[in-house]
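Enquirer: Pasting a structure here, questions to come.
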Amino acid sequence: MNKIELPQSYLENMKQLLGSEFDAYLDSFQDSKISGLRVNTLKADPKEFAGMFGPQLEPVLWTTNGFYYDGEERLSKDPCYFAGLYYLQEPSAMAPAQILPVEPGDRVLDLCAAPGGKSTELASRLKGKGILVSNDISNSRAKALLKNLELWGASNICVTSEEPGKLQEVFGEYFDKILIDAPCSGEGMFRKDRDMIKSYGEKGPAYYCEIQKQIVDQAVRLLVPGGMMLYSTCTFSVCEDEDMIRYILSSYPQMELVPIPLFPGASPGFDLEGVLRLFPHKIRGEGHFLALLRKKGEKPLRKEEDWGNAKTLPAEVSEFLSLIRRDLAPEQIRVKKDLVFYLPKDFPVKEAAKLRCLRTGLLLGQLKNKRFEPSQALAMVLRPEEFENSICLSRDDDRVIRYLKGETLTLREEEKAVQGWCLVCMDQYPLGFAKGSGTTLKNKYYPGWRWQ
């Protein structure tokens, strides 16, 4: 491996931070890249999934559903990836969403969410109940975030692309849990991405500290009394980590630190008790900083949203929805122009209308020339037994790949003929829709997601 030229200021700071462990940290730059995946618990049991993949998966100690895998394997080209069964994620980056104590029914905000590694886990923790607002200031990155959430099968979502200040202006003290994986100087990424070293020379810790202060200022105002906030970075800089927590505690007396218990390989903070650090010479991962905070006070009673009466739906929409075998509250179904959505319960629709939203709720489908076309997102939230017609192909059936490539499928003699809409699955996991005419399935897999 070629020798890495590291910034001198960074080396001096790390030596002060690590002391006698500094040489061991430098030696870790010679280690191989570490690859991880996190299982989607909305769809699969982690133990059963690990059994399906075999002994090459090793558990990540600080998660309940994370695994190491051989980085030489191209798991982004496996049908299980297209079924949304896992997310490929650097192992230490799995810690923030695991440590934030999200419960079903919470109102959760992922403030710097793209590309979706933490949002997808937060969605799993909510189990379809409550609301997840995932925001990224970059519209292009927010589009990738939306795709990953839809692939995951998350339905109770709102994906926005706004300045945190705009969210605070619209929502006020609204969220029970907030995750801030803050933009940072990225020192923990130097081993994995050498371009980060060049970026560090252009924009070092001091630059990001100002951005981080602006973000946490708004986040505190978005958190309800009694709510909890997880602040994390993938850098080791004290001014971006411990000093930022000290800034929050000194600027906002209503905030208090909630100590995070250490686990094997984790390190305590540098001159601040209760925070947690992950270093690559002590754990199998690139590194992270984490701090959990709570806003003092009692959580206020929630005001229920007034949804009004259920709207009359176009006949073609009602006809399709009759094929779905899961409860859909009629008042939560809304038609906007030619698009049909299923909105999260109690979501503040009027307030959200003021935001730049890429998606609010689950896109059910689109009206086209007096017919209804179901969405790819809808397919990903269903199970085979929840749709009138479904076909489950085994993982090794060549028709799985052919379907993902957008090809028309032919049913075999022993398989039941299909008329109309059909949910195509790999084993018991949905891939998308097709439209049957006897033994032929016309492919309706979303072109933008196709196997390349």
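The values are calculated or read from the model by the stated rules, or taken from the named source; none is laboratory data. Keep in mind that this is a model prediction, so the values were computed, not measured. Cβ placement follows ideal geometry from the backbone for every residue including glycine, while neighbour counts extend to all protein chains displayed. Heavy atoms of the whole protein, side chains included, go into the accessibility calculation; ligands, DNA and RNA do not. Shrake-Rupley method; radii C 1.70, N 1.55, O 1.52, S 1.80 Å.
Enquirer: Report in % the part of the accessible area of region 1-147 that belongs to carbon and sulfur, leaving out ligands and nucleic acids; probe 1.4 Å.
Expert: Here carbon and sulfur together make up 48 percent of the probe-accessible area.
Enquirer: Another one. Once the Cα gyration tensor of region 175-261 is diagonalised, what are the square roots of 5 times its eigenvalues, in whole Å and ordered largest first, as equivalent ellipsoid semi-axes?
Expert: Each semi-axis is the square root of five times an eigenvalue, giving 26, 13, 11 Å.
Enquirer: Additional query: Which residues does the label zone of Q16 cover in region 224-257, counting backbone N under 16 Å from a point 7 Å along Cα→Cβ?
Expert: Only 236-244 fall inside the zone, counting backbone N under 16 Å.
Enquirer: Go through 388-400, 142-154 and give me the packing order, highest mean Cβ count within 10 Å leading.
Expert: Output ranking for 388-400, 142-154: 142-154, 388-400.
Enquirer: Given points 7 Å out from each Cα along the Cα-Cβ axis, report the K354 to S140 separation in nanometres with one decimal.
Expert: 3.0 nm
Enquirer: Let me ask something additional. Which distance in nm do the two modelled labels at N309 and E210 give, with both placed 7 Å along the Cα-to-Cβ direction?
Expert: Result: 5.6 nm between the two label points.
Enquirer: Using only the alpha-carbon atoms, how far is helix 117-126 inclined from the longest principal axis of the chain? Give it as 0 to 90 degrees, nearest 10.
Expert: Around 60 degrees separate the two axes.
Enquirer: Projected onto the charge dipole of the chain (+1 at Lys/Arg Cβ, -1 at Asp/Glu Cβ, origin at the Cα centre), which of M426, V102, I333 gives the Cα projection farthest towards the positive end?
Expert: I333
Enquirer: Sticking with this structure for a sec: Can you tell me how much longer the chain between R194 and F270 gets when fully stretched, taken as 0.36 nm per residue apart minus their C-alpha distance, in nm with one decimal?
Expert: Result for the pair: 24.8 nm of gain on full extension.
Enquirer: Rounding to the nearest 20 debye, state how big the charge dipole of the chain is about its Cα centre with +1 on each Lys and Arg Cβ and -1 on each Asp and Glu Cβ.
Expert: Once rounded to the nearest 20, the dipole reads 1480 debye.
Enquirer: Any idea of the accessible area per residue across region 1-93, 1.4 Å probe, to the nearest Å²?
Expert: With the other protein chains kept in place, region 1-93 gives 52 Å² per residue.
Enquirer: For the chain, what does the helix formula give at 222 nm: sum of -39500 (n - 2.57) over DSSP H segments with n ≥ 4, over the residue count, nearest 500 deg cm²/dmol?
Expert: Using -39500 (n - 2.57) per qualifying helix, the result is -7500 deg cm²/dmol.
Enquirer: Ok, one more. With a cut-off of 8 Å between alpha carbons and a minimum separation of six or more residues, what is the relative contact order of the chain in percent?
Expert: Once divided by the residue count of the chain, the mean separation gives 13 percent.
Enquirer: Over region 41-124, what is the mean sequence separation of C-alpha contacts under 8 Å (at least six apart), divided by residue count, expressed as relative contact order in percent?
Expert: 24 percent
Enquirer: If you roll a 1.4 Å probe over region 171-303 with all protein chains in place, what percent of the accessible area is carbon or sulfur?
Expert: On region 171-303, the fraction of accessible area on carbon and sulfur atoms equals 55 percent.
Enquirer: Can you compute the charge dipole magnitude of region 249-368 about its Cα centre, using +1 on each Lys and Arg Cβ and -1 on each Asp and Glu Cβ, nothing else charged? Give it in debye, rounded to the nearest 20.
Expert: With only Lys, Arg, Asp and Glu charged at Cβ, the dipole is about 240 debye.
Enquirer: Still on this structure: For labels at D70 and R395 in the simple 7 Å Cα→Cβ model, what's the distance in nm?
Expert: Between D70 and R395, the label points sit 1.5 nm apart.
Enquirer: Along the charge dipole of the chain, pointing to its positive end and built from +1/-1 on Cβ of Lys, Arg, Asp and Glu, which listed residue (N443, N13, F320) has its Cα farthest out?
Expert: Looking along the dipole axis, the top candidate is F320.
Enquirer: Direction-averaged shadow area of the convex hull around the Cα atoms of the chain, nm²?
Expert: Reported value for the Cα convex hull: 22.8 nm².
Enquirer: Quick check: net charge around Q56, other residues with Cβ under 9 Å of its Cβ, Lys/Arg +1 and Asp/Glu -1?
Expert: -3
Enquirer: Here is a follow-up. A 20 angstrom limit on the alpha carbon distance is what I want to check against. Which of K143/K311; K77/K127; K143/K345; K43/K118; K129/K435 exceed it?
Expert: Listed pairs above 20 Å: K143/K311; K77/K127; K143/K345; K129/K435.
Enquirer: Further, regarding this structure: Counting only DSSP beta bridges with both residues in the chain, tell me the antiparallel percent, nearest 5.
Expert: Around 70 percent of the beta bridges assigned by DSSP in the chain are antiparallel ones.
Enquirer: In debye, nearest 20: dipole of region 318-452 around its Cα centre with unit charges on the Cβ of K, R (+) and D, E (-)?
Expert: With Lys and Arg at +1 and Asp and Glu at -1, about 800 debye.
Enquirer: Turning to a different aspect of this structure: What accessible area per residue, rounded to a whole number of Å², is obtained for region 300-452 using a probe radius of 1.4 Å?
Expert: 56 Å²
Enquirer: Still on this structure, please answer the following. Report the Cα centroid-to-centroid distance between region 1-41 and region 283-343 in angstrom, as an integer.
Expert: After rounding, the separation between the Cα centres reads 41 Å.
Enquirer: If I compute solvent accessible area with a 1.4 Å probe over the protein chains, what percent of it on region 331-400 is carbon and sulfur?
Expert: 44 percent
Enquirer: Report the extension gain between W451 and V335 in nm, rounded to one decimal, defined as 0.36 nm multiplied by the number of residues separating them, less their alpha carbon distance.
Expert: Gain on stretching W451 to V335: 38.7 nm.
Enquirer: Additional query: Place +1 on the Cβ of every Lys and Arg and -1 on the Cβ of every Asp and Glu in the chain, take the dipole about the Cα centre, and give the residue among S32, S375, N309 whose Cα lies farthest towards its positive end.
Expert: N309
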